[in-house]
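The values are calculated or read from the model by the stated rules, or taken from the named source; none is laboratory data. Because the structure is a prediction, the values reported are computed rather than measured. Positions of Cβ are generated from backbone atoms using ideal geometry, with glycine treated the same way; all protein chains shown enter the neighbour counts. These area figures cover heavy atoms from the full protein model, side chains too; ligands, DNA and RNA do not enter into them. Shrake-Rupley method; radii C 1.70, N 1.55, O 1.52, S 1.80 Å.
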Amino acid sequence: MTPLQRMTLPARLLLLAGLLAAGMAFLAVGGAGLLPWDTRWYVLVHTSLEVFSVVVAMLAFSTGWHGIGNRVPLRVALLAPAALAIGLFDIGHLMLVRGMPGVNGPAAVAGGVAFSLVARALGALVLLAAALAPRERMVGRRVHALALASALAVTVLVFWLALGAPHLLPATRVPGQGATPFKTGSEIAIIAIGALAALLLALRARQTRLRTDRYLAMAALAASLGGVGFTLYARPDDVFSMAGHVYKGIAYLFLYGAVHVAAVQAPYLRLKRSERSLLESENNFRSLMECAPDAIVLAAPDGRIAMMNARAEEMFGVARDAAAGLALDQLVPPDDGFEMQSCRRLDEVPFPAEVRRAATPAGQQIAIVRDVSERRRLESALVEQLTYDALTGLPNRRRILEMLDEATLGARQDGRTLAVLVFDINAFRKINSGYGWSGGDDVLRDCVARLSRQLPAGGTLARQGGNEFIVVQKSSGREAATALAESLLGCMREPFVLGGQRVFLTASVGIALLPADAGPAESSSAELLQMAQLAMSGARTDGPGRLRFHTAEMARAIRERVELEALLRHALERNQLVLQFQPRVSVMDGRMVGVEALVRWQHPTLGLVPPARFIPLAEETGLIEELDLWVLREACLRAARWRRDGMDPGRVSVNLSARQFQQAGLAERVRAVLHESGLCPSTLELEITESTVMRDTEEAAGVLRSLKALGVALSIDDFGTGYSSLSYLKRFPIDVLKIDRSFVKDVVEDANGAAITRAIIALAHGLNLEAVAEGVEAAEQVAFLKENGCDEIQGYYFSPPVWPEELESLMKESFRIGALLK
């Protein structure tokens, strides 16, 4: 293979473009005089070159006009008619050249020059139009014919001017002087248009990498370089003129190549690709048929089977050769509008299937069949799993609700009562903790056996989940439901044997009744179950082994709780929370030495909601964290404002909930509040209950040390009511022990209460802590506490919790409090 053959097409075209440009440059710089040229050769060479150009132009027209397909590219529709006009102009130019038969004077020669100019100008313009035309644009034969008609009209006009009215043509050459300015300007314009077309086509070819664009770019370049030769020639028979004709012939060759590729070769390649794609599609279709998990059967228009896949052979029990010619309806039932149908094997064994039948436009029938026998089996198994408990085999909550729907509907129709019982095993977690999950499973299975023996005829037992069971008793009244509940509770009194040990368990039962006169819209099955669940929760609070019927008060209490929770969630946003302050008084001199901040909820319609009503709800719902932070910030801001106004409330104590104390970053939040309020840390006291710090003493010690590092005081609230271990007191950096009010109220009448209170005061002083008594309400209690060295007293004897304005008055008149101790 030669180096030229190894080059790619773009490289070869680029090389040829360089050679063409170099050749014209060689002639322009004086190389024309070096070539062996004799003017006697002019007529023969010129005629040969022009005939060649005419033949190539006509080939380009014929190829473009008779291209493949009813639609042709827009560029072909422009180039092919233009090639015809250019070829005709070249014929006119050839016949009017001096030395050819029929030439009649200078006027004929001027006509020949006009034909040459018009042909080359039309070529340059149509190449520029091809560069600007959308590459993918296709047009119909009608547009193609219109372009041809336009080209012929231009041809007729030019021939009339050149032959019939040559005096109308501008002069192109003056004897003895050379080319006229019109001739020179025209040549330069043709060169410029050709060069612009060549540049645009080259840029497009670089982007599209299409041979059509590359050939058109070469045609425009060759035509533009040929125009240079026609501009530089001095006589029609010199070397420059012959070079221009050679370059023009090369341009026509590339034009023909572009038209051939666009009109013939490209459609032919597309057709071959379509054939290959069709063959591949057919092969892919056959492969897909064989790989498809469904049976596919193809039948001729007369309904006889023509083809089937391997899955169809297996599904219908017949080989494809034996099935050929059988009626499709013999295996697949006719399409009756139902997707799920019963198909038959050839041995008459039916099976459930999903069937899709369709017909092609040619009348062929296609049947796609999916055997759903396994799916039916899995669906049944899944329904079993979804509606029955795997451990006990009882109906689960979902299934019992369906059964309860049917039972309630029947009870309403027959006017009967219906009882729903929720049975809960108390403290079942100790079984899983002490004997493992397998021990718990054994107890549940044994429990099911016991409960099942107690069920009356028509009763249904289901497992709701965990250690809860549901019993539905039809035709039951209050007495029958009570008897059934007591029998269920009674069967639990017998011990369960686990690991050779006897374990005793109790249960709680909640009962909800559907009255005989219930309307159709009353007490749905889900509501009945919820009512029984509420009743069971109430029975569990009464103690083990209890039963309770659902009452309207239970539902009302739940609704109130839900409504209260919703209101509480908006209380902070709507500024409904306020603070009251209860003074703490020094036993020695009666001075107010501190105050405790107590949160209150001032609702616009409910009034002042007591803390005992909303604090537990806030702890259950998690709102206590936001509430605690609000109390801390508000108390610090209020205390700082008092001090700036010259009033001294002493230390301000704020309670921290267990949830707030266990949250990470507590010290940082307290630090931020102190910084925001400007309150001195030593004037803030944080109160934590004894049970809170004893949940995890190691973690609690770390939290308390981080708080103590801020400079705040720490106190243990409700001391004596929590854990009995006192070892933590020496490990925790606390400052105050607050004696619980349950001890203080009995110090006068109960010797044990008095002894405990003395011990707590002595313990606090022994650990260098302050002792503060809460709930002081009588003068005798004050005297006892003062006698036994208690440091501070807090209670209604001195002042109930008061509003900030009232506390300001107390601070201004603190001597009145001191007078109570004298």
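Using every alpha carbon pair in region 115-219, what percent of pairs falls into each 10 Å bin from 0 up to the bin containing the largest distance? Taking all Cα pairs of region 115-219, the binned fractions are 13, 32, 33, 17, 5, 0 percent. Evaluated at q = 0.15, 0.16, 0.24 Å⁻¹, a Debye calculation over the C-alpha positions of region 173-218 (equal weights, vacuum) places log10 I(q)/I(0) at -0.51, -0.54, -0.76. How much of the accessible area of the chain, probe 1.4 Å, is carbon plus sulfur, in whole percent? That fraction is 58 percent.
At 20 °C and 1.002 mPa s, grab the translational diffusion coefficient of region 404-519 from Stokes-Einstein with a Kirkwood Rh over Cα pairs, rounded to a whole number in µm² per second.
Values: Rh = 15.1 Å.
It comes out at roughly 142 µm²/s.
Of all aspartates and glutamates in the structure, those lying under 15 Å Cα to Cα from residue 786, and not within fewer than 8 positions of it along the same chain, are 589, 770, 774, 777.
A cut-off of 5 Å between modelled amide H atoms, ignoring neighbours fewer than 5 places along the same chain, links residue 173 with 180. For region 593-746, the solvent-accessible area with a 1.4 angstrom probe is 43 square angstrom per residue. If you take the beta carbon distance between residue 783 and residue 658 as r and set R0 to 30 Å, what does 1/(1 + (r/R0)^6) give as a FRET efficiency, to the nearest 0.05? Taking R0 as 30 Å, the efficiency between residue 783 and residue 658 is 0.30. Rounded to the nearest 10 degrees, the inclination of helix 74-95 to the longest alpha-carbon principal axis of the chain is 20 degrees.
At a Förster radius of 35 Å, what calculated FRET efficiency corresponds to the Cβ-Cβ distance of residue 441 and residue 691, to the nearest 0.05? Write out the running numbers ahead of the final one.
Numbers: r = 34 Å, r/R0 = 0.98.
E(calc), rounded to 0.05, equals 0.50.
For residue 210, the shell of other residues with beta-carbons less than 9 Å away shows a net charge of +4, using +1 for Lys and Arg and -1 for Asp and Glu. With r defined as the distance between the Cβ atoms of residue 803 and residue 506 and R0 fixed at 45 Å, what FRET efficiency is calculated, to the nearest 0.05? So, using R0 = 45 Å, E works out to roughly 0.35. How much of the calculated P(r) for region 730-803 lies past 21 Å, in percent of all Cα pairs? Across region 730-803, Cα pairs with separations above 21 Å total 23 percent. Using a cutoff of 8 angstrom between alpha carbon atoms and counting only pairs six or more residues apart, the relative contact order for region 567-654 works out to 30 percent. With the simple spin-label model, which puts each label point 7 Å out from Cα in the Cβ direction, the residue 44 to residue 759 separation comes to 14.3 nm. Taking the 0 to 90 degree range and rounding to the nearest ten, how far is the long axis of helix 666-677 tilted relative to the main principal axis of the chain, both from C-alpha atoms? Around 90 degrees separate the two axes. Computed over region 675-759, the range of Cα coordinates on each principal axis works out to 47, 28, 16 Å, biggest value leading.
Computed from phi, the 3J(HN,Hα) profile of region 440-449 under the Karplus parametrisation 6.51, -1.76, 1.60 (θ = phi - 60°) reads x, 4, 4, 5, 5, 5, 5, 5, 4, 4 Hz, with x in place of Gly and Pro.
Give me the extension gain from residue 150 to residue 699: residue separation times 0.36 nm, minus the current Cα-Cα distance, reported in nm with one decimal. Before the final figure, lay out each step's value.
On the way: separation 549, 0.36 × 549 = 197.64 nm, distance 9.80 nm.
So the extension gain works out to 187.8 nm.
For residue 450 and residue 721, the difference between the fully extended length at 0.36 nm per residue and the C-alpha to C-alpha distance is 93.4 nm. Our coupling estimate for region 788-799, obtained by passing each phi through the Karplus curve with A = 6.51, B = -1.76, C = 1.60 and θ = phi - 60°, is 9, x, 5, 7, 9, 9, 9, x, 5, 4, 9, 6 Hz, Gly and Pro reported as x. The angle between the Cα long axis of helix 525-542 and the longest principal axis of the Cα atoms of the chain comes to about 40 degrees, rounded to the nearest 10. The alpha-carbon of residue 248 sits under 22 angstrom from the alpha-carbons of these lysines, leaving out residues fewer than 8 places away in its chain: 183. Partners of residue 730 within straight-line reach, counting lysines whose Cα lies under 17 Å from its Cα and excluding those fewer than 8 residues away in the same chain: 708, 738. Here's how it looks for residue 139: its modeled amide H is under 5 Å from those of 72, 74, which are all 5 or more places away or on a different chain.
Other residues whose C-beta falls under 13 angstrom from the C-beta of residue 484 contribute a net charge of +1, scoring Lys and Arg +1 and Asp and Glu -1. Got the relative contact order for the chain handy, in percent, Cα pairs under 8 Å and 6 or more residues apart? Relative CO of the chain lands at 6 percent. Mean projection of the Cα convex hull over all viewing directions, computed for the chain: 74.2 nm².
If you take every DSSP beta bridge fully contained in the chain, what fraction is antiparallel? Give it as a percent rounded to 5.
Looking only at bridges with both residues in the chain, the antiparallel portion is about 70 percent.
Compute the separation of the alpha-carbon centres of region 599-643 and region 349-428 and state it in Å as a whole number. That distance is 52 Å.
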